[in-house]
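These notes are about the structure you will find just below.
Derivation of every value follows stated rules applied to the coordinates shown; laboratory data play no part. Everything quoted here is computed from the prediction, not taken from an experiment. Quick reminder, even Gly has a Cβ in these numbers, built from the backbone with ideal geometry, and neighbours come from all protein chains shown.
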Amino acid sequence: MTKKIDEILQLTIEEFVIKGCTEGLKTRDYFKIKNTLLKYEEYEDNQYYKKLKRIVNDNYFLQDLFDEEYIYYVMLNSSLLPFVLVNNTHDEIKLYSNDSFMFLCQFHTEKTPSLGVTNHVNLMYCFGCGYGGNVFDYVKDYENISFKEALSLVAEVYNLEKTGIKVNKDLVDKYKRSIMSDKYLELIEQGMKRIIDRSKKDINKYGYDAYRVIEAYNKNLNQIYAVMNNITPGIPPVSYPKEKIYTKAHLDTSYLE
Ligand SMILES: [Zn+2]
């Protein structure tokens, strides 16, 4: 049990609402609470379970803010990399493993880049200050806005179903421009090339990651295409020009060569 959840459990519902409204809660805190709930579900009369359930279900703040399905929908249809990229101030961005990139950390002062963003996992972690999180955490913390605004901003950037919350138009434009930038395309292509080369050498070792990198790369292309054409990347996703899309066959043939 993390300290954060223990802290939350000490609060009354009212205190929790106030804390949540003023400080915001990270998505992962919510999922931790939900996972804990599931674990305790078989003990219906457990006091701990009852308290958690009350927090999640009877709290208008959580119901309003954390629609799990909607969060997943926005998360699956967005990528962290272009968000970090546009706020990057360092000249060189290093590819250090698969499709992971090292940036100068934007949350602490440093001279050597230690903020890693892994594209196919869609998460970031700083080896210097320990900052980590997903696209919502990043937007919330970097732009200093609430979770709700961060979620709405990401949805708007990717032309997804809107939340009804007003978002800053300049921020939307900034991140849209990043998604359509040559630099972003260059980065995801670098990651793609790296994984194809690696898979060629050792398909057993890199095969699984390779498939995930390919999936992420194609997802990125769909997103770029959708943003450029101002359309929603629904299901089935919009199709990017076929010749640009990599498939598992690219790996298999390169391995056989
Ligand atoms: Zn850092």
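At q = 0.11, 0.21, 0.25 Å⁻¹ the log10 of I(q)/I(0) for segment 76-174 amounts to -0.32, -1.06, -1.36, computed by Debye summation with a single uniform scatterer per C-alpha, solvent ignored.
The ranking of HIS90, HIS108 from fewest to most other beta carbons within 10 Å of each one's beta carbon is HIS108, HIS90. Please report the spacing between the Cα centers of segment 155-194 and segment 98-125 in Å, no decimals. So the two Cα centres are separated by 17 Å. Here is the list for segment 124-203: trypsin sites (Lys or Arg not before Pro) lying in DSSP coil, each with at most 16 other C-beta atoms within 10 angstrom of its C-beta, are LYS162, LYS166.
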